[in-house]
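A.B. asks: Would you mind keeping the following structure in view while I ask a few things?
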Amino acid sequence: MIFLREVRDEDLPAFWRHVSDPAARHVAAVTRQYHYDRGHFDAHWARIRSNPEVLMRTVVADDEVVGHAAVYGPPDEREVTYWIDRAHWGRGIATAALAALIDLDGTRPLHAHVVADNVGSIRVLEKCGFVITEHGRGFAQERGGEIDEVLLTLK
């Protein structure tokens with residue numbers, strides 16, 4: 001059983017373990033300072049949890065915290081993001097979580113940026129109705145350079 005719920009303080013250690021996984025960070029590619037430093041991580045989470053414009057949820061599967069998902073940004077540029085613990089990849093959890101999240105938010109269009117070689121994440125987004133609308137280049141801290149990326153949009 002997969003469901004979303006409000007983020008709780010006790011979820012944060014699991015989130016930190018998830019984003020600290022070097023293999024998962026490599027797949028995600030585009031990372032921020034809070035993926036590498038617990039102090040930055042805690043400050044980031046305090047900031048987004050206090051922002052009423054961010055719809056942030058904990059992803060729970062079989063009574064275990066397995067990730068988080070969010071919608072953020074100004075109304076005309078809302079973007080989705082999600083992170084699922086690598087130990088749970090390939091089980092449909094990201095797809096179910098994203099589908100539930102976009103039902104909760106209701107904003108359209110919604111956007112997502114993904115490194116072009118992250119075929120798993122692109123597939124999750126496509127299953128939820130997103131389509132690739134742009135190709136571009138961006139800097140990926142985790143990979144130490146420029147990467148190909150795609151923008152997907154849900155209308």
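Every number in this text was worked out from the coordinates using simple rules, so none of it is lab data. This one's a predicted model, so the numbers in the text were calculated from it and none came from an experiment. Counting neighbours? That spans all protein chains shown, and the Cβs are built from the backbone with ideal geometry, glycine included.
A.B. asks: Suppose only helical runs count, i.e. DSSP H with n ≥ 4. What mean residue ellipticity at 222 nm does that imply for the chain under -39500 (n - 2.57) per run, divided by all residues and rounded to the nearest 500 deg cm²/dmol?
C.D. replies: Details: 5 runs with 50 residues, N = 155.
Value at 222 nm, helices only: -9500 deg cm²/dmol.
A.B. asks: Please turn the phi angles of the stretch 138-148 into ³J(HN,Hα) values with the Karplus equation 6.51 cos²θ - 1.76 cosθ + 1.60 (θ = phi - 60°), one per residue in order, whole Hz, x for glycine and proline.
C.D. replies: Going residue by residue, I get x, 8, 10, 3, 4, 9, x, x, 6, 9, 7 Hz, with x marking Gly and Pro.
A.B. asks: To continue, here is another question. Residue by residue through the stretch 73-89, which ³J(HN,Hα) values in whole Hz follow from phi under the Karplus form 6.51 cos²θ - 1.76 cosθ + 1.60 (θ = phi - 60°), with glycine and proline marked x?
C.D. replies: x, x, x, 8, 9, 4, 10, 9, 8, 7, 9, 10, 3, 4, 5, 10, 5
A.B. asks: Excluding Gly73 itself, what net charge comes from residues whose Cβ is under 10 Å from its Cβ, given Lys and Arg +1 and Asp and Glu -1? Kindly include the intermediate steps, with their values, before the conclusion.
C.D. replies: Working: positive: Arg78; negative: Glu53, Asp76, Glu77, Glu79.
Net of charged neighbours comes to -3.
A.B. asks: I'd like the Karplus ³J(HN,Hα) series for the stretch 20-27: coefficients 6.51, -1.76, 1.60, θ = phi - 60°, whole numbers in Hz, and an x wherever there's a Gly or Pro.
C.D. replies: Along the stretch 20-27, the couplings run 7, 6, x, 5, 5, 4, 4, 5 Hz.
A.B. asks: Apply the a/c threshold of 1.5 to the C-alpha gyration tensor of the chain and tell me whether it is rounded, prolate or oblate.
C.D. replies: rounded
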